[in-house]
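Student: The following block contains the structure, expressed as structure tokens.
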Amino acid sequence: MDDLRDKYLNAIAAAEDEAALEELRVQALGKKGEISLKMRELGKMTQDERKEAGPKLNALKDEINAALAAKREALADAALDERLRAEWLDVTLPGRPRPSGSIHPVSQVTEEVTAIFADMGFSVAEGPQVESDWHNFDALNIPGHHPARAEMDTFYMHRADGDDRPPHVLRTHTSPVQIRAMELAGAPLRVICPGRVYRADYDQTHTPMFHQVEGLAIDRDISMANLKWCLEEFVKAFFEVDDVELRFRASHFPFTEPSAEVDIRCSWQGGTLKVGEGDDWLEILGSGMVHPKVLMAGNIDPAYWQGFAFGLGIDRIAMLKYGIPDLRAFFDSDLRWLRHYGFSALDVPTLRAGLSR
Amino acid sequence: MKFTLSWLKDHLETDATVAEIAETLTDIGLEVEDVQDPAERLAGFTLGRVTKADKHPDADKLTVCQVETAEGMQQIICGAPNARQGITAVIASPGTYVPGIDTTIGVGKIRGVESHGMMCSEREMELSDEHEGIIELPSGEVGQRFSDWLARNDPAKVDPVIEIAITPNRPDALGVRGIALDLAARGLGTMKPAPEASVPGTFPSPIGVSIDDDTRQGGCFLFAGRMIRGVTNGPSPEWLQDRLRAIGLRPISALVDITNFFTYDRNRPLHVFDAARVAGDLRVHRAKGGETLQALDEREYTFAPGMVVISDDTGVESIGGIMGGEHTGCTEETVDVFLEAALWDHVQIAETGRALKIHSDARYRFERGVDPEFNMPGLELATRMILDLCGGEASEVVTAGEVPDVSRAYRLDTDRVQSLVGMEIPADEQRATLEALGFRLEGDMAHVPSWRPDVMGEADLVEEVARIASLTRLEGRPMPRAQVGVPKPVLSPLQKRETNARRTAAALGYNECVTYSFIDSTAAALFGGGGDDTMLANPISSEMSHMRPDLLPGLLQAAARNQARGQTDLALFEVGHAFHGGEPEDQRLQVSGLLVGRTGPKDVHGTSRTVDLYDAKADAEAVLSAIGAPAKVQILRGAADWWHPGRHGKICLGPKKVLGVFGELHPKVSRALDVKGPAVGFTIWPAEVPQPRRSGATRAALQISDLQPVERDFAFVVDAEVEAAALVNAAAGADKQLIENVRVFDEFVGGSLGENKKSLAITVRLQPHEKTLKDADIEAVSRKIVEKVEKATGGVLRG
């Protein structure tokens, strides 16, 4: 029996392919195989002989089966190895191209600003870009002869002959949305109003269209100190710094009283802005307490309500935060610029994950 | 508004430095735009004395000087003819930058002899054009700074010039005295007494004045003047010329310079007529229309009816409060002068000035407001100065009209600073501030000074107190949340859609653009716009003359610009408003995408191909899906004519409800906008997508069957113009329970099928719900599908 065992195990080990193995299996374990025949002979044996030979034969059968399976797997592995060796690909070839889009910095920064102010309870109000003279000026305490009108480089819409209304304007600021928001929602009120604004000016640092965001908070006891806190919180969150120093300077806007221009402490080094440190001051926005006449224009009684308003340039803070040098390029749609300064679709600014990646 | 430090010190007693003054001005609302301090430029120059001067051994025109300087005895080679022993000169030692020759002095050898510095001329220090020789000073100590010497002996040369921006509410700060008053109120010095003058007239004015009745209201409140005869109108004195030059004005003649002086010193514009050229009396009246005047700026103006002018017997001689006429202007020959001090209505000045496009100092000041109470004192002071500088004899004053009463008072609520601004300022300090600014306090009523037209209410008093106290003292105070707890979402459904549409388009590979809202009329006309209603009255250029009727023209132009830069495969999109009219409500939010060129650059896998309308369709559908549009829509034809007539579709919910359009742009349109090759795109109107009826976040329960679905393919030969949608709908209608979906997987046109025929192949997926499908069931539904399709499309099942 040991001879038989050695014979088959050696033969299996030496088998070169699947066919040879199959042949060996038939030889040994097939219906007329050597071992099968021996097993058949068990019936003719005495009980004692059978007791001895039976388990041995069964063990031999199992052993050969196992050897066959192992060899078969080894052969398959070798064959697979051989095939895989032939299946070489140049992995340095590029993958299949996938288009990659981008979000414009103006949209991204608008969402950042919205995320911050939403947390402070400000909702988003909108208004028309072609705006009535009244909403853009009169309601904001800028009467027809006011020098501020001339200084704003206003775009006027054409008026048809016979239409004697004052011509509509392209809104020169987002402030008219204050009036519309007050008309619509009354007090108390907290809104920001981001959007396009227009002024007839085009040079190195001015484009005839740009973006502003207006903020307006009206309640019974909102003060300029609240305004300062609110802006400090905003600037810290927006520029992602722990501390920031704001400087309020007295100024004048017809629609606020008192009015202040707001500077942030910063440093300019090698053309890079760092907010919150250094000895420079950078003017970033105008603000103040809403003028009683403006509240009245929005149907809010200034005897009961007061609040603050501010306006800042979205393009401008985008340039500052992301180091974008030229405002005019914002509106040129140069693909290289869009890709370089744009943001990924999944870079959604949130307070929990941070505004910028 | 520019002024010099010494001018300010005429009115303000102060030891403050220029830097302190500048910082304070900015803080109190008079924002400093520029400070020019000539002393800073001269900081490196010191005085030295030449103790010995010898001829240069190798150069006739050079002198070798031994000079006693701040750094001890130095040898300096000098080429000036007046370099000689004993003179006190101005030394630039090595390392000093000399502006006039744009050089930093070093130690060097001149013709073989060492030189340790330079002795300077006035031109070399940009003090004047003087370059005859080096400066010789009559006094001064060795080592003394030249700027200090100038400050003591010739202060005008080192007088710092400060320029501030004036907000429209502060006409009082258009006079140096008004600025001084603000600084004094802040505590930066004390006011010097205001100069006063009273010049009694010695004869009646030969020129009378009058204001027409219809001009007193909203025209001219007061017109006062007097003749000064026998003047000599030469150049004004050096001090006055220095001042005017320092603030950028050209000295002209004593009379004109005096009026300019009062314009800037006291915000009191005046006018001088050459009395010899005035025929008869001066009359202030409204123009009839059509009158003309050659003004002092040498331009001719024609007046519209109602504009306020000053005429003599021969016609208009001056544009009241804006600009005088050339004919009656003063010259060096003027002997008798008529001095005018008047008060004009600021609205009228603003309107006339704007209509005539005149930007004069007088208009600038009168439209912001001058101090009415100062009209007559100003006339007296100017008379005094004319008599002092030009001689002559003054007549009595003639007047028409009267000083308007601008007196008013508001209640000072000292708690208001705390409640409105949030600063704690003691009541006494508040009252003191207002008094320092010229307010008169009577109990709690604050009477506004006549020079502050901007103070019109209680809030203005708060503003005055707060700005003088300094807003830098303001401490931020937390603003409580509008409600307790987790902040509520703030975006409206449409605002969320806008964001989702934008981010979806970017995720699909589009680059977001922000293009101008105004485009040229040709481009606008191609997209149904360009009419008068959307036209700007004053466009900045013809490229930006009309509000865009659609976002696509801007994207097409952007594509053309990129193509010109060598970028050929483009996927651009924009989210913004388009304008279908000129009224505020005529704007509509739109999302547009544009594809030009190929899906990507040529690549090794061969995936790159030319973009087509099916790309645009898929993207439009993806964006619509992202903003919650229903999956079941109709695709109809017949959109606007800037689309290719056969290659576009409107995405609709019924024939009237158009959510968007996709397709290929009309070749004429893309060509007109210089885009090379075909362009496909889409437009979506997010507001058109209906709001889902359901509220709440719960989804409907998921119904899934355990039974095996079965797919069967069919191919039909139909006429070429039969739309796939018709075939799919017919097949799907065969058994709405059983058929889960039908999709087209092949289209084959022409070939063996013959002219105008095509084959459409569909896969129908059957999903049983109750029992497993048997062959007979499948046969039955298949027959029904074929029947339905054949009936609906006239097609036949392909054998």
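Computed from the coordinates by the stated procedures, all read-outs in this text should not be read as laboratory data. As the structure is a prediction and not an experimental result, all values here were calculated from the model. FYI the Cβ positions are ideal-geometry reconstructions off the backbone, even for glycines, and counts take in every protein chain you see.
Student: Using a Gaussian network model of chain A whose springs link C-alpha atoms within less than 10 Å, name the residue from A:149, A:25, A:159 with the highest mean-square fluctuation.
Tutor: It is A:25.
Student: Can you check what the net charge comes to around residue B:768, using other residues whose Cβ is under 12 Å from the Cβ of residue B:768 (Lys, Arg +1; Asp, Glu -1)?
Tutor: Residues near residue B:768 contribute -2 overall.
Student: Let me ask something else about it. May I ask what percent, to the nearest 5, of DSSP beta bridges between residues of segment B:209-401 are antiparallel?
Tutor: 90
Student: I need B:367, B:755, A:183, B:68 ordered by Cβ neighbour count within 10 Å, fewest first.
Tutor: B:755, A:183, B:68, B:367
Student: Would you mind getting the Kirkwood hydrodynamic radius of the protein assembly as shown from its Cα pairs, rounded to one decimal in Å?
Tutor: Details: mean 1/r = 0.0263 Å⁻¹.
Over the protein assembly as shown, the inverse of the mean reciprocal pair distance is 38.0 Å.
Student: Treating only the Cβ atoms of Lys and Arg (+1) and Asp and Glu (-1) as charged, compute the dipole magnitude of segment B:423-537 about its Cα centre; round to the nearest 20 debye.
Tutor: 920
Student: What list of ³J(HN,Hα) values in whole Hz, one per residue of segment B:96-109 in order, does the Karplus curve 6.51 cos²θ - 1.76 cosθ + 1.60 (θ = phi - 60°) give from phi, with Gly and Pro shown as x?
Tutor: Computed from phi, the couplings for segment B:96-109 are 8, 8, 10, x, x, 10, 6, 9, 9, 5, x, 7, x, 9 Hz.
Student: Also, I was wondering about something else. Rounding to the nearest 10 and keeping the result within 0 to 90°, find how far the Cα-based axis of helix A:47-86 lies from the longest principal axis of chain A.
Tutor: 40
Student: Amide H neighbours of residue B:51 under 5 Å, at least 5 residues apart or on other chains, H built in the peptide plane: list them.
Tutor: The answer is B:66, B:67, B:68, B:86.
Student: Spin-label point model (7 Å from Cα, Cβ direction): what's the residue A:26 to residue B:132 distance in nm?
Tutor: Placing both labels 7 Å beyond Cα along the Cβ direction yields 13.2 nm.
Student: When ranked by the protection proxy of mean other Cβ atoms within 10 Å per residue, highest first, what sequence do the peptides B:156-166, B:727-737 form?
Tutor: B:156-166, B:727-737
Student: Limiting things to C-alpha atoms, what are the Rg and the maximum Cα-Cα separation (Dmax) for segment A:105-341, in angstroms?
Tutor: 17.9, 59
Student: Tell me, in nm to one decimal, what length is gained between residue B:470 and residue B:442 on full extension, where the rule is 0.36 nm per residue of separation less the Cα-Cα distance?
Tutor: Here the answer is 7.6 nm.
Student: A follow-up question, please. Per the Kirkwood treatment, what hydrodynamic radius in Å, one decimal, follows for segment B:209-401 from the mean inverse distance over all distinct Cα pairs?
Tutor: 16.4
Student: If you take the charge dipole of the protein assembly as shown about its Cα centre, with +1 on Lys and Arg Cβ and -1 on Asp and Glu Cβ, which of B:97, B:516, A:342 is farthest toward its positive end?
Tutor: A:342
Student: For residue A:209, what residues show an amide H to amide H distance below 5 Å, using hydrogens built from the backbone and excluding near sequence neighbours?
Tutor: A:199
Student: Next up: How would you rank B:604, A:275, B:272, going from fewest to most other Cβ atoms within 10 Å of each one's own Cβ? Intermediate values should be presented prior to the final figure.
Tutor: Working: B:604 12, A:275 22, B:272 25.
The most exposed by this proxy come first: B:604, A:275, B:272.
Student: Count the net charge of all other residues whose Cβ sits under 10 Å from the Cβ of residue A:314, scoring Lys and Arg as +1 and Asp and Glu as -1. Before the final figure, lay out each step's value.
Tutor: Values: positive: A:196, A:316; negative: A:112, A:315.
Every neighbour counted, the sum reads 0.
Student: Label segment B:493-688 by shape, choosing from rounded, prolate and oblate, from the square roots a ≥ b ≥ c of the eigenvalues of the Cα gyration tensor; if a/c is under 1.5 it is rounded, and otherwise prolate applies when a/b is larger than b/c, oblate when it is not.
Tutor: Since a/c reaches 1.5 but b/c is at least a/b, the shape of segment B:493-688 is classed as oblate.
Student: Across segment A:178-183, in residue order, what do the Karplus-derived ³J(HN,Hα) couplings come to in whole Hz, using 6.51 cos²θ - 1.76 cosθ + 1.60 with θ = phi - 60° and x for Gly and Pro?
Tutor: The phi angles translate into 3, 4, 5, 5, 5, 4 Hz.
Student: Taking 32 Å as the cut-off for C-alpha to C-alpha distance, list the pairs among B:668/B:758; B:668/B:791; B:496/B:758 that go past it.
Tutor: Where the Cα-Cα span goes over 32 Å, the pairs concerned are B:668/B:791; B:496/B:758.
Student: Sort B:561-568, B:639-646, B:119-126 by packing, meaning the average of other beta carbons within 10 Å per residue, with the highest value first. Don't skip to the answer; put the middle values down first.
Tutor: Values: B:561-568: 14.5, B:639-646: 16.6, B:119-126: 20.6.
Ranking, from highest mean packing down: B:119-126, B:639-646, B:561-568.
Student: A further question follows. Tell me, what HN-Hα J-couplings in whole Hz come from the Karplus equation 6.51 cos²θ - 1.76 cosθ + 1.60 at θ = phi - 60° for each residue of segment B:39-49, using x for Gly and Pro?
Tutor: Working through the residues one at a time gives 4, 5, 5, 9, 4, x, 8, 10, 8, x, 10 Hz.
Student: Which lysines, if any, have their Cα less than 25 Å from the Cα of residue B:61, not counting same-chain residues under 8 positions apart?
Tutor: B:52, B:109
Student: Can you work out the FRET efficiency for the pair residue A:6 and residue A:88, with r the C-beta to C-beta distance and R0 = 35 Å, to the nearest 0.05? Let's see the in-between values first.
Tutor: Details: r = 41 Å, r/R0 = 1.18.
Taking R0 as 35 Å, the efficiency between residue A:6 and residue A:88 is 0.25.
Student: Based only on other Cβ atoms within 10 Å, what is the fewest-to-most ordering of B:7, A:268?
Tutor: Ascending Cβ contact count within 10 Å gives the list A:268, B:7.
Student: Taking R0 as 51 Å, what's the FRET efficiency between residue A:269 and residue B:141 from their Cβ-Cβ distance, rounded to 0.05?
Tutor: The pair residue A:269/residue B:141 has a calculated efficiency of 0.75.
Student: OK, next. Run the dipole for chain B about the Cα centre, Lys and Arg Cβ at +1, Asp and Glu Cβ at -1, nothing else charged, and hand back the magnitude in debye, nearest 20.
Tutor: In total the dipole reaches around 4720 debye.
Student: Whole number please: convex hull volume per residue of the Cα set in segment A:156-292, in Å³?
Tutor: In segment A:156-292, the Cα hull volume divided by residue count equals 143 Å³.
Student: Follow-up question, since we're still on this one. How about segment B:411-481: which trypsin sites (Lys or Arg not before Pro) there are in a DSSP loop, with at most 15 other Cβ atoms within 10 Å of their Cβ?
Tutor: Listed in order of number, the matching sites are B:481.
Student: Taking N as the number of residues in segment B:176-228, what is its Cα Rg relative to 2.2 N^0.38 Å?
Tutor: 1.85
Student: Compute the FRET efficiency between residue B:625 and residue B:704 as 1/(1 + (r/R0)^6), taking r as their Cβ-Cβ distance and R0 = 25 Å, and round to the nearest 0.05. Please report the intermediate quantities before stating the final value.
Tutor: Working: r = 22 Å, r/R0 = 0.87.
The computed FRET efficiency comes out at 0.70.
Student: Going by average Cβ density within 10 Å per residue, which order do the peptides B:41-48, B:706-713, B:383-390 take, highest to lowest?
Tutor: For the peptides B:41-48, B:706-713, B:383-390, the packing ranking is B:41-48, B:383-390, B:706-713.
Student: Helix B:552-564 against the longest principal axis of chain B: what's the angle in degrees, Cα atoms only, rounded to the nearest 10?
Tutor: Approximately 80 degrees, to the nearest 10.
Student: Non-local amide H neighbours of residue B:446 (under 5 Å, H modeled in plane, Pro and chain starts lacking H): which ones?
Tutor: Under 5 Å from the amide H of residue B:446 lie the amide H atoms of B:410, B:411, B:412, each far enough along the sequence or on another chain.
Student: Moving to a separate point now. With everything on Cα atoms, drop me the angle between helix A:105-119 and the longest principal axis of chain A, reported from 0 to 90° to the nearest 10.
Tutor: 80
Student: Right, another one. Among the listed pairs B:632/B:736; B:736/B:784; A:321/B:488; B:632/B:656; B:617/B:788, which have their C-alpha atoms separated by more than 18 angstrom in this model?
Tutor: The pairs that break the limit, which is 18 Å between Cα atoms, are A:321/B:488; B:617/B:788.
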